[in-house]
1. In segment 355-378, which residue that is in a strand (DSSP E or B) and farther than 21 Å from S51 by Cβ is most open to solvent (accessible area, probe 1.4 Å)?
2. Do we find that V47 is aliphatic (A, V, I, L, M) and open to solvent by less than 10 Å² (accessible area, probe 1.4 Å) in this structure?
3. Tell me, yes or no, whether segment 188-207 has at least one residue that is touching a residue at least 24 places away in the same chain (Cβ under 8 Å), open to solvent by less than 10 Å² (accessible area, probe 1.4 Å) and of a type in the set (V, I, T).
4. Given (1) out of contact with any Phe, Trp or Tyr (no Cβ under 7 Å at 6 or more places or on another chain); (2) more than 27 Å from S60 (Cβ to Cβ), identify the lone condition not met by Q286.
5. Give A257, A346 a once-over and let me know the one that is touching a strand residue (DSSP E or B) at 6+ places or on another chain (Cβ under 8 Å), open to solvent by 10 Å² or more (accessible area, probe 1.4 Å), aliphatic (A, V, I, L, M) and in contact (Cβ under 8 Å) with a residue 40 or more places away in the chain.
6. Any idea which residue in segment 109-124 is farthest from A202 (Cα to Cα), counting only those that are open to solvent by 60 Å² or more (accessible area, probe 1.4 Å) and part of a loop (DSSP other than H, G, I, E, B)?
7. Go through (1) over 25 Å from A24 (Cβ atoms); (2) assigned to a helix (DSSP H, G or I) and name the single condition M178 misses.
8. Which of the following residues is at pLDDT below 95 and either among the small types (G, A, S) or open to solvent by less than 60 Å² (accessible area, probe 1.4 Å) (or both): G237, G244, G233?
Amino acid sequence: MDVGIVGVQISSHNEVFGKTVRDAVYECTKELLQNLGIDRNDIDTIVTASSDYYQGISCSNSYYFEAAASYLKDATKVEGNSIHAFIYALMRVLSGHFDTALVLAVTKASEIPQISTLTHISSDPFYQRPVGICDVTAAALQATKYMKERGAKEEDFAEVCVKNLKNAFYNEKAYRKMLITVEDVLNSPYVATPIRELECPAHCDGVVALLIARREKVKEICNGYIEPAWIAGVGWGSDPYFLGDRDLIKSGGLRKASEMAFKMAKIENPVKDIDVAEITDTFAHQELLWFENIFSESGVDAIRNGLTTIDGDLPVNPSGGSLATNPPVAAGLLRVAEAALQIMNAAGAHQVADAEVALAHQAYGNAGQHHAVVVLRR
């Protein structure tokens, strides 16, 4: 595709908490450019992701626009789903009109109502909102169906928590880090059966910024000192909004997105060809569920056999995933950023050895309505 990621900057909750959206965006952008030894004049276009709805601000990007190096630049915004901002920026570069693009996503979860309150309001107002459907209850219905049809146990979901929160200890940017046991998870209270408190995401503040560039610019920026992550394939798809109109565990949207990305990246056997994956685990069971839809392999078997541990054959969420760090809008771009760090051999203590091909995935909407997949290569 001849477009690569040359820079990654992640501002953690502790770095962002207490700061204005504008200041948080400015500091993340500044650090990215300084680390690459470039300035705003080297950026041709900017695509940001934030949420007017979540943040309670109309035209939410207007509050941080100049702070994201956008002054007098060709810039735009994607509402909500930050992995789509990445794909949009890629399309802009592929169009030939731009050589470089800054992609940035921001969330200030500490300044908004509970996510479940927001997702409840956004659910169907006639049939589903009155019975309490929100992100948690929709996920609980999904998990129940998954257990019934796939033979998953609560212990399997708990194993995902144990794995990912342990992985987070090796990620300096992670928000929630815990050394726990399956029993600890199973002893945590239910929030909506069969989902327990520790199986819910760690909502937090966060800013993520990436710089992508055409091959000619990659050579100029990297100058032999930075290993870029080449974008090999992308895909996206959606399922119906109304929960009753879709199969909650067989996502046609995700399967379409995966097939599209794999075809573009010339991936024929995903389980063998992918070295590491960052898969949305907004709730613990969803890592197993989305794994199945992406790789066409049993997620239950994967967690039971140790396939997805950090030293397994296909590590999933070595960063700790959304169970450890979930700035809601920025979570998708964070998955891409973590996958890119693996390919760039820059993930630090949670680096997967010999990672040559990485996958990033974001699910967005109650029970995962929208999906996007990105494949990166060294």
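The values are calculated or read from the model by the stated rules, or taken from the named source; none is laboratory data. Remember, predicted model here, so these are calculated numbers, not experimental data. Cβ sites come from the backbone with ideal geometry, for glycine too, and all protein chains shown count toward neighbours. Ligands, DNA and RNA are stripped out before the accessible areas are found, and what is left, the full protein with its side chains, is counted by its heavy atoms. Shrake-Rupley method; radii C 1.70, N 1.55, O 1.52, S 1.80 Å.
1. Of the residues in segment 355-378, the ones in a strand (DSSP E or B) are 357-364, 370-377.
Still in the list and also farther than 21 Å from S51 by Cβ: 357-359, 373, 375-377.
Working: V357: 10, A358: 0, L359: 0, V373: 0, V375: 0, L376: 0, R377: 79 Å².
Per the criteria, the residue is R377.
2. Values: aliphatic (A, V, I, L, M): yes; open to solvent by less than 10 Å² (accessible area, probe 1.4 Å): yes.
When the stated conditions are applied, V47 passes them.
3. Yes, because at least one residue in segment 188-207 is touching a residue at least 24 places away in the same chain (Cβ under 8 Å), open to solvent by less than 10 Å² (accessible area, probe 1.4 Å) and of a type in the set (V, I, T).
4. (2)
5. Working: A257 fails: open to solvent by 10 Å² or more (accessible area, probe 1.4 Å).
Only one candidate qualifies: A346.
6. P113
7. So the condition that M178 fails would be (2).
8. On the way: G237 fails: at pLDDT below 95; G233 fails: at pLDDT below 95.
Sole residue among the options that is at pLDDT below 95 and either among the small types (G, A, S) or open to solvent by less than 60 Å² (accessible area, probe 1.4 Å) (or both): G244.
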